[in-house]
Every structure is written in structure tokens, then in C-alpha cells.
Amino acid sequence: MQKEQQLSPAAQRTLDAWHEILKRNAMEELDPWLSDDIVFRSPVAHQPYPGKPAIKLVLKNVNQVFENFTYHRSFASDDGSSAILEFSASVKGKQLKGIDMLRFDAEGRIIEFEVMVRPLSGLQALAEEMGKRMAPRAALLKGQAGA
């Protein structure tokens, strides 16, 4: 029988903070939990979004777009530096399932946040709704200062 893996204590503190911040959609409180070099990989964008302003903008909006968002299970990597969080939600009546993959540095800050979503109909609904919200902020999503 395989031993259940656990996050490092620092990563677990950050994950606990993430769940609390998510409940309140208080993404402006994420700064201390994010690495200065954080990269966000969206399921609807080809290029990653660099930096704290971009990830906070995307997460604040996706948390408003998702309906009935629920985490179901979580898994930790063998070294305790990464977590996978399985979730479900709906967007405009389209059901979706997905995973959030988080990688943490030694201090427990999130250095990488990647999202994968299925099925295609749910991903398309998400892309459409997020596209409407993010188009005016394209420069910020590309990591351009002052956007």
C-alpha cells in the first residue's frame, strides 16, 4: 500500500490560505503567498501569464465566472512541493471538471499555477466568458508594466 503524500508545512500553510482567500474571492490578499516570479498557465491561453497582477486578475474573474465551484480531492507530490486540486464547476450552464496544479518554492510561495479543464464544451464556455473580461487587460496578462 502506498503512503499518502503530504505537502511541506510551508506549502500547506499557503494552500490553507488559498482556500480561505478563494472563499471570499479576496485575490488582493494573495501577494504574500505568491512568488515574485509566479507564472499562471490558463487552459484557454497559449502563452503563460507572468507576475502577481496577472494571476490575481485572472483568478478574481474566473472565481466570478464559475458557478457552483467545488474542490473534491487533492494530491501532493512525493517531494511535498506540488499539489493537484480536482474541482468541478459550471459556466453558463455548461458543466466542467478540472484540476489546479500548484508548485511551491521552499518558503511555500506559489511559483506556478496551471489549470486544466474538460470537456471541450465547458472549456469553450469558460474561454468565451473569460475572453470578454480579459480582452481589455491584454497588456497586463502579458506582464507589461502599467497595464
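In table form, for the structure just shown:
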{"item": "About the Cα centre, charge dipole magnitude for the chain (Lys/Arg +1, Asp/Glu -1 at Cβ), debye", "result": "640 debye"}
{"item": "For the range 100-108, Karplus couplings with θ = phi - 60° (6.51, -1.76, 1.60), whole Hz, Gly/Pro x", "result": "9, 10, 10, 10, 10, 7, 4, 8, x"}
{"item": "Approximate shape of the chain as ellipsoid semi-axes (Cα gyration tensor, √5λ), whole Å, largest first", "result": "24, 20, 13"}
{"item": "The chain: Lys pairs at Cα distance under 15 angstrom, eight or more positions apart or on different chains", "result": "7"}
{"item": "Loop-located GluC sites (Glu not before Pro) in the range 64-147, at most 14 other Cβ atoms within 10 Å (DSSP)", "result": "107"}
{"item": "Karplus-derived 3J(HN,Hα), 6.51/-1.76/1.60, for each residue of the range 12-20, Hz, glycine and proline x", "result": "5, 4, 5, 5, 4, 5, 4, 4, 5"}
{"item": "Residue-span extension gain [residue 6 to residue 31] - 0.36 nm each, minus C-alpha spacing", "result": "6.6 nm"}
{"item": "Residues 58, 117 arranged by fewest to most Cβ contacts within 10 Å", "result": "117, 58"}
{"item": "Solvent-free Debye scattering, log10 I(q)/I(0), computed from the Cα coordinates of the range 1-77 at q = 0.13, 0.23, 0.25, 0.27 Å⁻¹", "result": "-0.47, -1.28, -1.37, -1.41"}
{"item": "Hz values of 3J(HN,Hα) by residue in the range 33-47 - Karplus curve (6.51, -1.76, 1.60), Gly and Pro given as x", "result": "9, 10, 5, 4, 9, 4, 10, 10, 10, 8, x, 10, 10, 6, 9"}
{"item": "Antiparallel bridges, percent of DSSP beta bridges restricted to the range 6-126 (to nearest 5)", "result": "85 percent"}
{"item": "Likely footprinting exposure, 39, 91, fewest C-beta neighbours within 10 Å first", "result": "39, 91"}
{"item": "Length-normalised contact order for the chain - Cα pairs under 8 Å, 6+ apart - percent", "result": "26 percent"}
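Bear in mind that the values in this text are calculations on the coordinates, not laboratory data. Because the structure is predicted, anything quoted here is derived from the model rather than measured. Counting neighbours? That spans all protein chains shown, and the Cβs are built from the backbone with ideal geometry, glycine included.
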